[in-house]
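In what follows, a single structure is set out as structure tokens and then discussed.
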Amino acid sequence: MGIQSDPVRDLLAEAWASWGERGAALGAEDWGRATRLTDWTVRELYAHVAPVPEMFTGLRAAVQDGPAEVSSGAGVLRAYNRPGGIAHTAAGQIAETAKRTAEAAEPAVLIARFGVEGPAALAGLADLPPDTVVAHPLLGSVTVGALGEVALMEATVHLLDLIAAVGGPAPAEGALNFTRDLLAEVADPVAFIEAAAGRGSAPVLPVIR
């Protein structure tokens, strides 16, 4: 299996590089600054978004045959955000995990995850096409591409949270456009079109927690 060209993977690597560069430019006081996510400081936001290389390298061992139960990032997000989904039931646990990670990891460690470790792990999966199917503990099975789409969305949405807290240039246009399109895809298409066109009154947003 040769090296695969994957625009989403390239955008994700670019987004992580931006996180690393921004983190390297932060002063000591910036890491403790509050974000608009009221439970998290900048350091805790970094801890939540920072890639964990083991999660990526573990994908290779999880590869399986057969069609994926979920094959798109939008499908993953719909499953996570439905009533009773993990975005609701595990929100407190996710927040606490970020706090514990931030306490245990110095800023330099978090920066390295974005600038060195995460990109290296991502590059190590370059031979896995986006349609590669892997086992998933919550969804049964998903494609590698779907996981990459969600990772890019998270990196982009939370980068906007970081910018709101400490300033800095906007995320890359490609990442913004992709994230916009992915979030629009999560919504019911008729409800979204009617709301966007000023014709519907049913609540559509937010589509993720």
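Each reported figure results from applying straightforward, stated rules to the coordinates on display, with no laboratory input. This is a predicted model, so every value here is computed, not measured. Ideal geometry is used to build each Cβ from the backbone, glycine not excepted, and the neighbour counts take in all protein chains shown.
Tell me which of V186, G85, G148 sits at the most positive position along the dipole axis of the range 7-196, charges placed on C-beta atoms (Lys, Arg +1; Asp, Glu -1). It is G85, whose Cα lies furthest towards the positive end. Gain on full extension, evaluated as 0.36 nm per residue between I193 and R209 minus their Cα-Cα distance, stands at 3.7 nm. For E69, nonlocal amide neighbours, meaning residues 5 or more places apart or on other chains whose placed amide H falls under 5 Å from its own, are S141, V142. With kT/(6 pi eta Rh) evaluated at 37 °C and eta = 0.692 mPa s, and Rh the Kirkwood radius from Cα pairs, the range 55-184 diffuses with a coefficient of 201 µm²/s according to Stokes-Einstein.
The slack between V52 and T89, meaning 0.36 nm per residue of separation minus the straight C-alpha distance, is 11.1 nm. Taking a quarter of the surface of the Cα convex hull of the range 1-100 gives a mean projected area of 8.9 nm². Counted by Cβ distance under 13 Å from A175, the other residues give a net charge of -4, where Lys and Arg count +1 and Asp and Glu count -1. Seen from A87, the other residues with C-beta closer than 12 Å to its C-beta sum to a net charge of +2, counting Lys and Arg as +1 and Asp and Glu as -1.
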